[in-house]
Amino acid sequence: MIRKRIPEPAVLAHWYERYLSPVALIAGFVADTLLFAQRVDLWQTNALFAGYLIVAALGIAVVNMVETGRVTHPRVVAAAPIMLVVVQFSFGNLFSGFLSLYSRNAALAVNWIFVFALATLLVGNERFTRLYRRFPFQVGIYFAVLFSYLVFFLPIVFKKIGVLMFITSGLASLAIIAVLLLAFLLLAPGVRYGDRLRAIHAIVGVFIAINVLYFTGITPPLPLALKEAGVYHHIERVDGAYILRGEAVAWYEEYLSYETTFRQASPGPVYVWSTVFAPTGLSTMIEHEWQRFDEQAGEWRTTDTLLFPISGGRDGGYRGYSYKSDVSPGTWRVNVLTGYGQLIARISFRVVAVDTSPPLTEMYR
């Protein structure tokens with residue numbers, strides 16, 4: 001009787017890395033686009049995130065048990081390269097899920113860094129996949145997605161945001177990864193001492209990097225997310241709805257323009273509108289900080305601030321606006337901030353004096 005020969009692991013690894021790995025990343029991105037809910041506070045969304053984290057952890061355990069010789073069954077050994085693809089698929093889904101939840105409604109001008117990062121990931125996929133075979137890299141990426149998840153999950157659970165919740169998320173992430181690291185090493189005791197040390201260094205490096213990004217204001221104040229923002233000539237509330245009157249713009253300008261032109265025939269107020277999503281049960285403060293660019297000094301000067309409360313739970317986000325009556329021609333911006341001073345969004349516009357009032361269109365929100 002002729003038995004079918006099981007391919008060598010190295011051959012399978014090369015085949016999966018070359019052909020299935022790019023498919024796994026693209027499939028993960030498409031799956032998140034189709035399956036992820038728009039709201040981060042739904043149990044289905046968090047169950048999916050948790051599922052990816054569990055699958056990734058199991059995959060890392062199996063791969064290292066095979067690599068260290070703890071498991072030698074031929075079929076498990078042959079399937080180990082597939083587990084690498086499963087781990088990569090899970091990580092890809094987690095990262096693209098974060099992108100889907102917090103950047104789907106943002107303009108390309110805000111989002112280009114994420115798009116560039118995704119393109120780089122796909123182009124350099126073969127090199128990146130080989131890194132997935134290394135224990136320190138696996139642990140480092142796992143800690144990055146775990147920390148990124150808890151940063152917005154714990155505020156949903158405790159219905160609070162701010163520095164204290166971020167610190168709590170970091171400490172919880174360290175505790176979980178410590179338990180997982182111990183479990184990995186118990187299941188695969190053959191992991192080399194050097195790789196164990198490098199895994200710890202990776203955890204520390206990721207922890208420091210995420211903290212630096214958070215406290216320098218580079219990362220958004222999760223789980224708050226901007227849904228819509230703009231500058232208008234007039235805003236009023238009628239029967240629970242908002243009527244926004246503004247200048248008509250081509251559809252592509254919303255994605256390609258960094259600065260809106262506000263045409264003003266006579267002195268009058270300028271209105272800035274923003275809708276900010278917050279999870280159900282979470283209440284916080286939002287600030288509109290008005291700034292004008294001082295051409296002579298070459299710096300932004302704050303002219304006005306308006307602080308108002310928001311309540312979470314609305315699909316389209318909490319609607320709010322501020323206005324300023326004495327807006328002179330020049331370059332302006334309004335920073336949408338949390339009560340802790342973290343930047344949610346920035347609306348930039350240039351006020352230009354014109355002879356005739358521009359035609360306005362009405363929108364209802």
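Scanning region 278-328 for residues that are farther than 26 Å from Ala241 by Cα and among the aromatic types (Phe, Trp, Tyr) yields Phe293, Trp300.
Checking each residue in region 40-54 for being part of a helix (DSSP H, G or I) and not aliphatic (A, V, I, L, M) picks out Trp43, Gln44, Thr45, Asn46, Phe49, Gly51, Tyr52. Scoring Thr356 on the criteria (1) in a strand (DSSP E or B); (2) of a type in the set (Val, Ile, Thr); (3) loosely packed, with under 12 Cβ neighbours inside 10 Å leaves a single failure, condition (1). Put simply, of Val351, Val334 the only residue that is in a strand (DSSP E or B), touching a Gly at 6+ places or on another chain (Cβ under 8 Å), among the aliphatic types (A, V, I, L, M) and at pLDDT 90 or above is Val351. In this structure, does Ala61 turn out to be modelled with pLDDT under 70, small (Gly, Ala, Ser) and either part of a helix (DSSP H, G or I) or closer than 25 Å to Arg198 by Cα (or both)? No: the conditions fail for Ala61.
In the set (1) surrounded by 15 or more Cβ atoms within 10 Å (Cβ to Cβ); (2) at positive phi, Gly341 fails one condition alone, (1). Scanning region 290-318 for residues that are aliphatic (A, V, I, L, M) and surrounded by fewer than 16 Cβ atoms within 10 Å (Cβ to Cβ) gives Ala297, Leu307.
For region 51-62, the set of residues classified as in contact (Cβ under 8 Å) with a residue 12 or more places away in the chain and within 20 Å of Ala178 (Cβ to Cβ) consists of Leu53, Ala56, Ala57, Gly59, Ile60, Ala61, listed by residue number. Determine, yes or no, whether Tyr323 is closer than 13 Å to Ser274 by Cα, in the same structural domain as Gly268 (by TED's automatic domain parsing) and either surrounded by 11 or more Cβ atoms within 10 Å (Cβ to Cβ) or among the aromatic types (Phe, Trp, Tyr) (or both). So Tyr323 fits the description; yes.
The values are calculated or read from the model by the stated rules, or taken from the named source; none is laboratory data. Because the structure is predicted, anything quoted here is derived from the model rather than measured. FYI the Cβ positions are ideal-geometry reconstructions off the backbone, even for glycines, and counts take in every protein chain you see.
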